[in-house]
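Okay, structure first, notes after.
The values are calculated or read from the model by the stated rules, or taken from the named source; none is laboratory data. Quantities reported herein were computed from a predicted structural model and do not represent experimental measurements. FYI the Cβ positions are ideal-geometry reconstructions off the backbone, even for glycines, and counts take in every protein chain you see.
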Amino acid sequence: MDDLIGDFIAETREMLGALGGEVVAWEAEPQDRARLDAIFRFVHTVKGNCGFFDLPRLNGLSHAAEDALAEVRSGKRSADARLVNAVLGILDRIGELVEAMEGGTAPPDDDDATLIAALSEMVDEEVVAAAPGTGGQPRAPARSIRLSVDLLDRMMNGVSDLVLARNELARRLRDCAMEVETEEAFERVSASIAEVREAITRTRMQRVETLFAPLPRMVRDLGSVTGKKVVLEIDGGDVELDREMIEMIRDPLTHIIRNAVDHGIEAPGERRRAGKSEAGLLRVSARQAGNQILIEIADDGRGIDAEALVAKALGHGIITLDQAGRMPHERKLALVFEAGLSTAKAVTSISGRGVGMDVVRANVERIGGLVDVDSTLGHGVRFTLRVPLTLTIIPGLIVEAGGQSFAIPRSAIDEIVRIRAAGVRVESLAGAGVVTLRGHRFAVIALSDVLGTERRSEAGDELLVLLKTTGGGAYALAVDQVHDHEELVVKPASPAVMATGLYAGTTLDGDGKPVLLLDPAGLATRSGVSLDRIEVENVAGSGAGESERRPILLFTSFSGAKRAVSLPAVHRIEEVAASTIRASGGRLHITLGEQILPLAGCDTIPDRDKVHVLRLTDGVEEIAYAVAEVMDTVSLDGAPVPCQQPGEVQGVALVDGEQVELLDLFWIFSRHGAAAPHADRPLCLLPQDDAWMDTFLRPLIESAGYRVARVGEAATADLVIVDESEVEPDVGAARVLKLRANPEPRGAKDDSIHRYDRAALLGALGSATSTPRAARKEA
Amino acid sequence: MAELLLLVSLAGEQVAVRASEVESVVEIEGLTPVPRAGGHVAGLTALRSRVLTVIDCMASLQPGLRIEGPRDAMVVVADGHPYALLVDRVEDVVEASGEIAPVPASLSAGWTRVATGYVPVEGTLFLLADVHALIAGPLAEAA
């Protein structure tokens, strides 16, 4: 409270000083409306403040003067010399009282009544004469002054300069032999610089009390508007916070409290029915925890209906049904921070327009803070604002990527892991990847990729910095190196730098070089990683066991279909010139480095300059798969719906509500891979001049792993396929497969297969592959 | 009183800037790049303990161009943020000898945005450049 009184005194005195000239001018020209207004505003302000501080004498004086001046303003009374005198008398008395308060001396005698009487229209001359200003008293020394933040900033900058200069000097002194006296002097300078820095930092600090002071009045007003009874408990007003920070959290705090009274706390009747006391309890508290200030706003009202929020989020398309099913309670509650969601049934003048909580979160995050919500339906809500202790000095971590240093606020860092460490599994693909850490999955974002700088370290050599954001979302940031933890003096960055959305500010390193402070949330947004989704997956992943879930890579195929491939099979993703693709030997091949790989994914050479190629591997063989566009990595749970026909697509899975075709790796490798060296494969002979077999059947036979030749081209074969109407050729065949054109067999003894009975054909071919080698060897 | 002007050379032109808008003239040493920032943002530099955003005025005039060689820069504070505007060379401080005249419409694209008028100095006309337009860079045009 002392702080506030100090502010009041300083403000009043400042206004009185500024008013001095006005009063004199008004005296000379009582009709001057502008002067009158200025004086009226002053007494009005003093009156307002006095009511707050319980200062009855100042209140009485200013109230009387305000009434009289209001009459003049409304034209009921004209400003004559007597009135001017009387008002001046009151102003002087206000000045005296304020000075007495400030100096801690006894206030002048209580003859305020005479001064007030002098204001009235009918008064005799003596009274007026008895009210001259008494300005001769010695002024008490000022205990508080008002400064512009600009000036404080300049002082802060000056001290930072000093610190840097001291560091530089210390470096130079180390290099040369120094006398003990010099060293001592330097130590002294060093110590006093530290002291001044500390003091200046303190000038920016203010008690949270200033933030809490208007709350009782606000809660009372809200209560009477809404017809509710609310008991407000305030705790921890003596915690200190950066002045600028206090300004930044004023609006979020107000908003949360409005919501609590308007929506949280029930009407007295409803509370009685619920077995609660009629008056709702609203508790606002502040406390320091480490380098953070925690501000809690808790009520015992009806709480947040998480399911209603989910329903609404579903309705707005913010989440999918699938996500909703896997969301833990906290995540559902955190939906309250999504834009456009309000569970209030009716829009009131106080709150509930569906704007606000998202703004609250944005404001708190802008100053490097976090906001959490916890609620039990029917028992109330608790919001926790976590804000850094000071806006200007924050502990940070210096990391390096692409040869450049960056700072990360330490409050956002969970832990730092080395990719090669035990228990860390990274499935990484050209920067997009997933790390599995103690059963949790996090998206990996490579800092150099987000920033578009060069990658300096070899894949696998990076360090992962695990970053958390509001609502429990987290991701891993891959950086080349991690340097020191440092206390950073953070300054706002210019709009040109902030426009990137990646940085939270700038700071200077120990050598006085500028370093950019990264914005963890901005990095995630930029790289297109949805923290919400990952977080949901984490919880599900840890709960349901990992074997159910597998990471997949989403891409668009050249046929335009949305497809996915199991991530572990993807060895690398490369962008290559389309000219490296050649049609040779009846299929497409691609030159990658020194290798020639079979190319799947397209039937003709794509008509574009560059092609993205997935290098798929089964551990031995490698196949290139051309894709139109690589989209994302997600994890898939549940089995896909299998396809009717075997082929490139194994089945269809649901990813974010869309059908995605899942590649059949087995089919692709069996089809495109050199599954067995050419000569080693079983041989199948087809009749000469049978066009149908050549065009229709041959691919199927080949895909089953046979070499195909014509009758007459080889003396022996593992399998001979003939039309049942034709004569069986004279070939040393291990097996003969007869095909008929008629779907119905001709009799019980007919061992031929209908030529479109795919299953039976494959069955025959399959069983053929298991028998033939021995047979061939014998032959 | 005649207005003081700072003459700089930029993209082959002699350009005047209101001296009242320029805090000081410095030589830039050491730049910290700002990845993903607009092309006209050359980086950050520290002037004592202040962090200046360095604007490449060539890139600001025409995207893709860069200031080469000498590192003369004007220190300007705009909207509370300090900037260093890189120019080819800082020439001189002179007094304007007349009123500022409006720009004819025939300037090339970049200059149309940056120049606020012509100002006569001892019988010669100079383009008067707006530091805020230089800081905003070419993107502001599209916005």
Taking the criterion of being in contact with a Pro (Cβ under 6 Å, 6 or more places away or on another chain) and modelled with pLDDT of 85 or more, would at least one residue in segment B:57-79 satisfy it? no
Could you tell me whether any residue of segment B:106-114 is within 14 Å of another protein chain (Cβ to nearest Cβ) and either out of contact with any helix residue (DSSP H, G or I) (no Cβ under 9 Å at 6 or more places or on another chain) or more than 16 Å from B:Val17 (Cα to Cα) (or both)? no
Every residue in segment A:293-308 that is out of contact with any Ser or Thr (no Cβ under 6 Å at 6 or more places or on another chain) and without any contact (Cβ under 8 Å) to a residue 60 or more places away in the chain, please. A:Glu307
Looking at segment A:169-217 only, could you name the residues that are in contact with a Lys or Arg (Cβ under 9 Å, 6 or more places away or on another chain), in a strand (DSSP E or B) and under 24 Å from A:Glu233 (Cβ atoms)? A:Gln206
Pairs, first outside the structural domain of A:Gly227 (by TED's automatic domain parsing) in segment A:263-278, second outside any loop (DSSP other than H, G, I, E, B), C-beta under 6 Å, six or more apart: none
Which one is farthest from the other protein chains (Cβ to nearest Cβ), of the residues in segment B:90-105 that are modelled with pLDDT of 80 or more and out of contact with any Asp or Glu (no Cβ under 9 Å at 6 or more places or on another chain)? B:Gly98
Only one of (1) within 27 Å of A:Asp150 (Cβ to Cβ); (2) in a strand (DSSP E or B) fails for B:Asp92. Which number is that? (1)
If the requirement is being of a type outside the set (Lys, Arg) and within 14 Å of chain A (Cβ to nearest Cβ), which of these qualifies: B:Leu125, B:Leu86? B:Leu86
With the condition kept exactly as written, say whether any residue in segment A:558-577 is modelled with pLDDT of 80 or more, in a strand (DSSP E or B) and of a type in the set (Phe, Trp, Tyr). no
Give the residue that is surrounded by the most Cβ atoms within 10 Å (Cβ to Cβ), with candidates limited to residues of segment A:157-205 that are closer than 24 Å to A:Ile246 by Cα, touching a strand residue (DSSP E or B) at 6+ places or on another chain (Cβ under 8 Å) and within 14 Å of chain B (Cβ to nearest Cβ). A:Ser160
Could you look through segment A:501-526, keep only residues that are polar (S, T, N, Q) and either free of Cβ contacts under 8 Å to residues at least 24 places away in the same chain or touching a Leu at 6+ places or on another chain (Cβ under 6 Å) (or both), and pick out the one that is nearest to the other protein chains (Cβ to nearest Cβ)? A:Thr506
Scan segment B:90-100 and give yes if some residue there is in contact with a Cys (Cβ under 8 Å, 6 or more places away or on another chain) and either buried (at least 21 other Cβ atoms within 10 Å of the Cβ) or at negative phi (or both), otherwise no. no
Members of segment B:30-61 that are facing chain A (nearest Cβ under 7 Å) and outside any strand (DSSP E or B): B:Gly30, B:Pro33, B:Val34, B:Pro35, B:Arg36, B:Ala37, B:Gly38, B:Arg48, B:Ser49
Count - residues of segment B:66-83 that are more than 14 Å from chain A (Cβ to nearest Cβ) and hydrophobic (A, V, I, L, M, F, W, C): 3
Only one of A:Leu19, A:Leu88, A:Leu55 is at pLDDT below 80 and within 14 Å of A:Leu119 (Cβ to Cβ), namely A:Leu88
When you go through (1) under 20 Å from A:Gly512 (Cα atoms); (2) buried (at least 18 other Cβ atoms within 10 Å of the Cβ); (3) away from every other protein chain (no Cβ under 13 Å) one by one for B:Glu27, which number turns out not to apply? (2)
